[in-house]
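Worksheet: the structure to be examined is printed underneath.
The values are calculated or read from the model by the stated rules, or taken from the named source; none is laboratory data. Not measured: the values here are computed from a predicted model. For neighbour counting, all protein chains shown are included, and Cβ atoms are generated from backbone atoms with ideal geometry for every residue, glycine included.
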Amino acid sequence: MPHTILTDRCEGVAACVDSCPVACIHPGEGKNAKGTNFYWIAFDVCIDCGICQQVCPVDGAIVPEERPQLQRQRGMGQRGMA
C-alpha cells in the first residue's frame, strides 16, 4: 500500500524526493495551510518501500497507508484543489 504525505503537515524539506527510488514524490502547487511548500506521492507509482518516511525530519508528515483525503496536489487557495 502506498505511503501518504499529509499536505498540511509537510514543511517542504524534500529529503524524501531525493531518496525515493521510483521518483513518485512531486512538488505541490502553491502553499499548504502552514504557508510552506509541500510534496505529494503518486499512489500508482509508489512501491511502499518506506524510505520517504524514514528520511523525513517532520514527525508525522508521512504515513504508511494510502490516505487520499489527507494529501493534495494543490495548496490552499489554488484552483482545482485535488
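On the given criteria, is Pro27 under 11 Å from the mean Cα position of the chain (by Cα), loosely packed, with under 15 Cβ neighbours inside 10 Å and over 15 Å from Val63 (Cα atoms)? Talk me through it step by step, then tell me what you get.
Working: under 11 Å from the mean Cα position of the chain (by Cα): yes; loosely packed, with under 15 Cβ neighbours inside 10 Å: yes; over 15 Å from Val63 (Cα atoms): yes.
Here the answer is yes, as Pro27 does meet what is asked.
Determine which member of the set Val17, Val13 is of a type in the set (Val, Ile, Thr) and outside any loop (DSSP other than H, G, I, E, B). Before you say what the answer is, go through the steps one by one.
Working: Val13 fails: outside any loop (DSSP other than H, G, I, E, B).
Within the list Val17, Val13, the selection yields Val17.
Go through the range 1-24 and report how many residues are polar (S, T, N, Q) and surrounded by 18 or more Cβ atoms within 10 Å (Cβ to Cβ).
Going through the range 1-24 one residue at a time, the tally reaches 2.
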Of all residues making up the range 1-10, the number that are among the polar types (S, T, N, Q) and either farther than 18 Å from Val63 by Cα or not in a loop (DSSP other than H, G, I, E, B) (or both): 1
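Where residues in the range 47-63 are touching a Pro at 6+ places or on another chain (Cβ under 9 Å) and under 19 Å from Val13 (Cα atoms), which of them is surrounded by the most Cβ atoms within 10 Å (Cβ to Cβ)?
First pass over the range 47-63, keeping only residues touching a Pro at 6+ places or on another chain (Cβ under 9 Å): 47-51, 53.
So of that shortlist, the ones also under 19 Å from Val13 (Cα atoms) come out as 50-51, 53.
Working: Gly50: 12, Ile51: 15, Gln53: 17.
Out of the qualifying residues, it is Gln53.
Residue-by-condition table, conditions (1) at pLDDT 95 or above; (2) touching a Lys or Arg at 6+ places or on another chain (Cβ under 8 Å); (3) at positive phi:
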residue	(1), (2), (3)
Thr4	yes, yes, no
Ala14	yes, no, yes
Thr36	no, no, no
Tyr39	yes, no, no
Asp44	yes, no, no
Tell me yes or no: at least one residue of the range 45-61 is part of a loop (DSSP other than H, G, I, E, B), of a type in the set (Gly, Ala, Ser) and under 9 Å from the mean Cα position of the chain (by Cα). yes
Would you call Asn32 surrounded by 18 or more Cβ atoms within 10 Å (Cβ to Cβ) and either of a type in the set (Ser, Thr, Tyr) or part of a loop (DSSP other than H, G, I, E, B) (or both)? yes
If you go through the range 18-49 one residue at a time, how many are in contact with a strand residue (DSSP E or B) (Cβ under 7 Å, 6 or more places away or on another chain), of a type outside the set (Phe, Trp, Tyr) and under 18 Å from Gly75 (Cα atoms)? 9
